[in-house]
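All remarks here apply to the structure that follows.
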Amino acid sequence: MNYKEIKGYLIAVDLDNTIITGFDNKDLESFQVLKELAKNNYIIIATGRPWRSSCGFYNWLELNTPIINYNGAYVHHPKDPNFKEIMITIENKKIKEFVHKAKDYLINIFCENKDDIYLLNDTDKILPYLHQEGSNLIIGDYDKILNCDTNGAILFTKPGSEELLEKFIHEVYHDEIRLRHWFTLDTLVSEFYSPETSKANALEVIRKYYNIPKSKTIAIGDGHNDIEMLDYAHIGVAMEDSHNELLPHATFITKNVTEHGVKYFFENYDFKE
């Protein structure tokens, strides 16, 4: 494939399980493809991660574009002060209220405002989720430490608490807060976020910033949080082992990250269609 033939696209790419595995294991073959494509296209990292744990990938790719963090709750351009930063938050009083009312099934919770992390209980189990390096970690009673609005929250609750959580969110917050679940074997991990937060909304802002036609947009991801982004893009690409609810939204299903799925897409999609 001559990547020089692919020009003028806005290409949004998720990180975890799309071009990296574990915390920082890059799919180097796909990274090399993206680095080459960045010469003639706009590559956008679109991730649920904070900036502090995605900046290394941004710099490796030598990007000069905005980046989408916290699934669209924080969007900024590290190299262009003229880009208007997006910061979407949830009122801290709503999070405090949740902590009080969900105490019977809540195990832990953390929330962030840029690089400030507010953690309820300090446990070893929470460490892989925090992306702690470069952060300011504040631990303790939320009534005492949570003094600002945050980009959302990650909840750790007892297994089988899905219905209780969803009922609580619906009855107390109506459409003001949304919830999505990440399942683990012995804990339910859920994300508490604003309905305004989406990678698709962030991508629309960036598309308009660069004045790129919708027909020149590509989105690549693997998770439930990528559904709106794939729906938004002209070409939506899902990894083969994606969340089962994402797959029906894809126009192209590529191989998984261990088989260099992003590279596979760019080598096998007919851009002349």
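Bear in mind that the values in this text are calculations on the coordinates, not laboratory data. From a predicted model like this one, the values you see are computed outputs, not experimental measurements. Here the Cβ is made from the backbone with ideal geometry for all residues, glycine too, and neighbour counts use every protein chain on show.
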Given pairs K35/K125; K96/K208; K7/K79; K114/K199; K79/K216; K39/K79 and cut-off 25 Å on Cα-Cα distance, the over-length ones are K35/K125; K96/K208
Here, trypsin sites (Lys or Arg not before Pro) of region 61-133 satisfying both criteria (DSSP loop; at most 14 other Cβ within 10 Å) are K79, K84, K103
From DSSP H assignment alone, runs of 4+ in the chain each adding -39500 (n - 2.57), the sum over residues rounded to the nearest 500 puts [θ] at 222 nm at -6500 deg cm²/dmol
Contour minus Cα-Cα span, D24 to K79, at 0.36 nm per residue, comes to 17.5 nm
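May I ask for the Kirkwood hydrodynamic radius of region 92-193, worked out over all distinct Cα pairs and given in angstroms to one decimal?
By the Kirkwood definition, the hydrodynamic radius is 13.8 Å.
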Projected onto their principal axes, the Cα atoms of region 1-111 stretch, largest extent first, over whole-Å spans of 57, 34, 19
Expected unfolding gain across V172-K39 under the 0.36 nm per residue rule, minus the alpha-carbon gap, is 43.1 nm
For the chain, the convex hull over Cα atoms projects on average to an area in nm² of 14.1
Debye calc, one equal point scatterer per Cα of region 163-227, no solvent, log10 I(q)/I(0) at q = 0.16, 0.24, 0.29 1/Å comes to -0.70, -1.06, -1.27
Applied in sequence order to region 164-180, the curve 6.51 cos²θ - 1.76 cosθ + 1.60 (Karplus, θ = phi - 60°) yields integer Hz couplings, x standing for Gly and Pro, of 4, 4, 5, 5, 4, 4, 5, 6, 8, 10, 6, 9, 7, 9, 10, 9, 9
For Y105 and T258, extending 7 Å from Cα along the Cα-Cβ vector and measuring point to point gives, in nm, a value of 3.3
Residue span D270 to C55: 0.36 nm per residue of separation minus Cα-Cα distance leaves a gain in nm of 74.3 nm
Kirkwood Rh for region 123-272 from C-alpha pairs, in Å, is 18.1
